[in-house]
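*Asks:* Before anything else, here's the structure in question.
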Amino acid sequence: MTTNPRLANLLELADKGPALRAALAEEAGALLLEWPADCPIEMRPVFENLLAKTVRDLDSDTRARLRVQLYADRELCARILPRENPIPSLIAAAREGETVIPRLAETLGLDETRASEILKEKSGEALAIACKGAGLSRAAFSTLALLAYPRRERMAERLRVYDSVATLDAARTLRAWRSAKLRQAAAE
């Protein structure tokens, strides 16, 4: 029996261990998106399971790249990379007195410097833009604002700022902030 070269390559990558997990995930994703005609369809769930197990060992950047790759098949993407709601853990960390900057940065797709600047901005506008641009609810914004500005002064004003921020404009601004992060990473 002849083996499909793509399947053979995947099996070879799987045998090489954790060092090549990213390559294995990307190859498995490509195979599942373009299932070869000469491969039995019964093998597809085996490779989905392989990909699902491999994803557990990936860093967040590789997972993000894989999510973009798999976006062509949204059902497959949802099975392999289900989206987690990061807000409860972000809020829990803030309530427990932990620093929220790394978690906020990850949630928003920004670097920690930008996340810190967002939290330090006193009017709450930057936080409102970030939250609304990321699709976070008013309740999530309110909780984060209360935790970020514990003296509670001007909270009604901050909530009005959130309400006044246009979602489309906020999304554009957040994309610009993310693009700046990518340009900076590429320059380094």
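The values are calculated or read from the model by the stated rules, or taken from the named source; none is laboratory data. These figures come from a predicted structure and were not determined experimentally. Quick reminder, even Gly has a Cβ in these numbers, built from the backbone with ideal geometry, and neighbours come from all protein chains shown. Ligands, DNA and RNA are stripped out before the accessible areas are found, and what is left, the full protein with its side chains, is counted by its heavy atoms. Shrake-Rupley method; radii C 1.70, N 1.55, O 1.52, S 1.80 Å.
*Asks:* I'd like the accessible area for Val100, computed on protein heavy atoms only with a 1.4 Å probe and all protein chains in place. Round to 10 Å², please.
*Replies:* Per-residue accessible area (Val100): approximately 30 Å².
*Asks:* Relative to the longest principal axis of the C-alpha atoms of the chain, give the angle of the C-alpha long axis of helix 5-15, reported between 0 and 90° and rounded to the nearest 10°.
*Replies:* Taking the Cα atoms of the chain, the angle to 5-15 is about 60 degrees.
*Asks:* Apply 1/(1 + (r/R0)^6) to the Cβ-Cβ distance of Glu48 and Ser142, taking R0 = 35 Å, and write down the FRET efficiency to the nearest 0.05. Each step should come with its number before you reach the end.
*Replies:* Details: r = 40 Å, r/R0 = 1.14.
With R0 = 35 Å, the Cβ-Cβ based efficiency is 0.30.
*Asks:* Run the helix sum for the chain: -39,500 (n - 2.57) per DSSP H stretch of 4+ residues, divided by residue count, reported at 222 nm to the nearest 500 deg cm²/dmol. Mind showing how you got there, number by number?
*Replies:* Working: 12 runs with 131 residues, N = 188.
It comes out at -21000 deg cm²/dmol, rounded to the nearest 500.
*Asks:* Along the charge dipole of the chain, which of Thr113, Gln184, Leu50 sits closest to the positive end, that is, farthest toward it, with unit charges on the beta carbon of Lys, Arg, Asp and Glu (+1, +1, -1, -1)?
*Replies:* Comparing the listed Cα positions along the dipole, Thr113 ranks first.
*Asks:* Label points 7 Å out from Cα along the Cβ direction at Ser123 and Glu96: separation in nm?
*Replies:* Rounded to a tenth, the inter-label distance reads 3.5 nm.
*Asks:* Taking 7 Å along the Cα-to-C-beta vector as the label spot, tell me the Arg172-Glu106 distance in nanometres, rounded to one decimal.
*Replies:* It works out to 3.2 nm between the two label points.
*Asks:* Follow-up. Any aspartates and glutamates with Cα under 18 Å of the Lys53 Cα? List them, leaving off those in the same chain fewer than 8 positions away.
*Replies:* Glu12, Asp15, Glu26, Glu27, Asp61, Glu75, Glu84
*Asks:* Right, next: Could you give the angle, 0 to 90 degrees to the nearest 10, between helix 21-33's Cα long axis and the longest principal axis of the Cα atoms of the chain?
*Replies:* For 21-33 against the chain, the angle is about 70 degrees.
*Asks:* So, one more: Given +1 on the Cβ of Lys and Arg, -1 on the Cβ of Asp and Glu, and no further charges, what dipole in debye does the chain carry about its Cα centre, rounded to the nearest 20? Don't skip to the end; give the middle numbers.
*Replies:* Details: 29 positive and 27 negative charges, 172 e Å.
Dipole magnitude for the chain comes out near 820 debye.
*Asks:* What are the ³J(HN,Hα) couplings of the range 92-97, residue after residue, when phi is run through the Karplus curve with 6.51, -1.76, 1.60 and θ = phi - 60°? Round to Hz, x for glycine and proline.
*Replies:* 4, 4, 5, 5, 7, x
*Asks:* Highest mean first, what order results for 20-28, 168-176 on Cβ atoms within 10 Å? Display every interim value, and only then the final one.
*Replies:* Values: 20-28: 20.9, 168-176: 14.3.
Per-residue Cβ counts within 10 Å, averaged per peptide and sorted highest first, yield 20-28, 168-176.
*Asks:* Let me ask something else. Round to the nearest 10 and give me the degree value, 0 to 90, for the angle of helix 167-187's Cα axis relative to the longest principal axis of the chain.
*Replies:* 60
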